[in-house]
1. Please go through segment 124-146 and give me each residue that is without any contact (Cβ under 8 Å) to a residue 40 or more places away in the chain and assigned to a helix (DSSP H, G or I), ordered by number.
2. Quick check: is even one residue across segment 11-19 touching a Gly at 6+ places or on another chain (Cβ under 8 Å), under 22 Å from A132 (Cβ atoms) and more than 16 Å from the ligand (Cβ to nearest atom)?
3. Just checking: which of the helices (runs of 4 or more DSSP H) contained wholly in segment 1-109 hold 1 or more residues that are loosely packed, with under 13 Cβ neighbours inside 10 Å, of a type in the set (S, T, N, Q) and modelled with pLDDT under 95?
4. Just to be sure, is E92 within 14 Å of the ligand (Cβ to nearest atom) and more than 21 Å from G40 (Cα to Cα)?
5. Checking the conditions here, which among L104, L110, L35, L52 is of a type in the set (A, V, I, L, M, F, W, C), more than 15 Å from the ligand (Cβ to nearest atom) and within 16 Å of P149 (Cα to Cα)?
Amino acid sequence: MATRDREIRRSQVIELAPAQKRRQAERLTEAAPVLAAAYGQALGRWLGDPVLRLVGRPIITECYRSAERQNELYRQGRSMPGPIVTYKRGGESNHNLGPPTPALDVAFQLADGSVSWSALLLSKFARLMKYADARVVWGGDWPSFRDRPHFELLSAQKGGPGRE
Ligand SMILES: [Zn+2]
């Protein structure tokens, strides 16, 4: 019976497909070592938590971003449809540095296969990231444009806050 209970519990933990796992590993290798280490530690704590790991599985949605892709994002909500997602043009974001890139964006894979940007989950994950390394800055702490999926390194900040 105990074995069966364990099996049921394990089946509820959100697993990534092999292709997703590969993409996650690739994105993590783009990240600056300090940021990658902090993410690895925060992810480990999250997956080690009996409640959090059932709620959602942290994933890196983006790390390095080319200047062209940054400009494409900048057009969104301006000359193109959709909400504004960035105030930085190509070359201005910390995502455009490297690799190694001192910025990464996080979301959560849910059990039903969808992706969540829940503010509550992101704030919980941010706590683990900041605990892992004090040099980690969370975009959710910025006063002007709260960029909750965004994490970066303190040393990467050149123009003050808002380097999404
Ligand atoms: Zn970002």
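The values are calculated or read from the model by the stated rules, or taken from the named source; none is laboratory data. Just so we're clear, the structure is a prediction, and the values are computed from it rather than from any experiment. Methodologically, a virtual Cβ is constructed for each residue, glycine included, from the backbone with ideal geometry; neighbour enumeration extends over all protein chains shown.
1. A126, R127, K130, G139, G140, D141
2. For segment 11-19, residues touching a Gly at 6+ places or on another chain (Cβ under 8 Å), under 22 Å from A132 (Cβ atoms) and more than 16 Å from the ligand (Cβ to nearest atom): present.
3. Values: elements: 2-12, 18-30, 33-48, 52-55, 67-75.
Here the list reads 2-12.
4. Answer is yes for this residue.
5. So the residue among L104, L110, L35, L52 that is of a type in the set (A, V, I, L, M, F, W, C), more than 15 Å from the ligand (Cβ to nearest atom) and within 16 Å of P149 (Cα to Cα) is L110.
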